[in-house]
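Reviewing the structure listed below.
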Amino acid sequence: MATPSGKLKSESTMVLGALFRKKRTRHTFRKRVHLHAVKDLQRRFLMLAAVVLAHSSAMIWFEDLDWWSAFWLTMTSASTTGYGDLSAGTFWGQFATIVLIYGLGITLLAQIASDYVELRLVRRDMRIKGRTEWSDMQDHLLIINTPANNTGRYLELLISQVCNTPELKDVPIQILTPSFPDGLPENIRAQGVVHHTGDATTPGMLETAGVDKAKYIILLAPDSQDAHSDSLVFDALYRIKQIGTDAMILTEAVDDRNRERLRQMGAKAVIRPVRVYPEMLVRSLTAPGTEQILEDLFRYQGDHTIRLNISLSGIKWADIVTTLIQKGIGTALGYENPEGRIVTHPDTFELVEVRALIILIGAGQQLPPPEEIRALF
């Protein structure tokens, strides 16, 4: 059982502990998480400037030095260089040097150097992880969203095609995606590509990515197999329209029935997600309208390509193309030569040796027998 005197002693200890215990504020813990913020660095610079001014004044007063000599002595002492050309000779001059330079100046200078290096490393880490705003970027290509599968490989192919396209080779590239919180793959960053970690449907994220300053915008479907991706693309388009931009916008649509809705919301071109051929997307970006032609080549409905096994020799390519069009047979895109190599878009007046023709024809079009087509030449 506690005695009255013991209880009084315990209460006194608690009161004294409360008086001397340092109060922990949110600012205290913020400094532990975000060490040496810019304001801390600025404050130390001001403190160092005050120390330099005080010591220089002391050298003028006690050592009878001019302003420049006093400042020179202060800086060589604070930096621990110590050339030896000047030094404090009086008691009070030496005492001021011990207190101001050895006690404060050298410590502050070391802290400033450490804080500066740490701040640079933190900012570099934030840039790599996409947690900083690229406010000076304009007339850039903004890629919004990334595929759910084989993300890095697809981006590598897409960026490679962009860099190899003459119209886009010098255009800055930024990616807005939550998929790379630890940074883009090294081979993509090596191309000068930057990214911002975030979701386009989050308020303020599109403004941070500079959507209003972009020249091109690509809105990818997050999941090429899920039609719900069209809703996310539509939402991002709506937000872009609210912000306002003059950029050429290309979007992907999983469901063909959503194409018109995306165009009404501001998309200049709409294409199906074709993950193995990012070339189609880049072509559509630089030449809007080609996406429809390219897509038709991959399906049997509508215009499509066929192989016509027919042998021709010593005929100008222009004559072959013209004859087929005039007879309503189709448009010749290329041919297979006797060595089995496919030649696309040969020279107009080249005399070709054909083993088979690659022809673009319309939906439901019926072709004459090969013998009749051969007789036209």
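Assorted remarks:
- Checking each residue in the stretch 129-166 for being of a type in the set (D, E, K, R) and either assigned to a loop (DSSP other than H, G, I, E, B) or in contact with a Pro (Cβ under 8 Å, 6 or more places away or on another chain) (or both) picks out 129, 131, 133, 136, 139, 156.
- 1 or more residues within 30 Å of residue 243 (Cβ to Cβ) and free of Cβ contacts under 8 Å to residues at least 60 places away in the same chain: qualifying strands (runs of 3 or more DSSP E) within the stretch 263-377: 269-271
- Selection count where residues are within 12 Å of the chain's Cα centre (by Cα), closer than 19 Å to residue 148 by Cα and among the small types (Gly, Ala, Ser), scope the stretch 180-211: 2
- Pick from the stretch 202-211, criterion surrounded by 14 or more Cβ atoms within 10 Å (Cβ to Cβ) and touching a Lys or Arg at 6+ places or on another chain (Cβ under 9 Å), ranking: farthest from residue 237 (Cα to Cα): 205
- Look at (1) of a type in the set (S, T, N, Q); (2) closer than 30 Å to residue 159 by Cα; (3) modelled with pLDDT of 90 or more and you find that residue 292 fails only one, number (3).
- Contact annotation: residue pairs with Cβ atoms under 9 Å, 6 or more positions apart or on different chains, pairing a residue in the stretch 49-65 that is more than 13 Å from residue 97 (Cβ to Cβ) with a partner that is assigned to a helix (DSSP H, G or I) and of a type in the set (S, T, N, Q), are 53/74; 60/69.
- The stretch 219-235 - residue that is among the small types (Gly, Ala, Ser), open to solvent by 10 Å² or more (accessible area, probe 1.4 Å) and not in a helix (DSSP H, G or I) and, of those, farthest from residue 264 (Cα to Cα): 224
- For residue 246, the conditions (1) on the phi < 0 side of the Ramachandran plot; (2) buried (at least 20 other Cβ atoms within 10 Å of the Cβ) all hold with the exception of (2).
The values are calculated or read from the model by the stated rules, or taken from the named source; none is laboratory data. Computed from a predicted structure; not experimentally measured. Cβ sites come from the backbone with ideal geometry, for glycine too, and all protein chains shown count toward neighbours. Note: accessible area is taken over every heavy atom of the protein model, side chains too, but ligands, DNA and RNA are not part of it. Shrake-Rupley method; radii C 1.70, N 1.55, O 1.52, S 1.80 Å.
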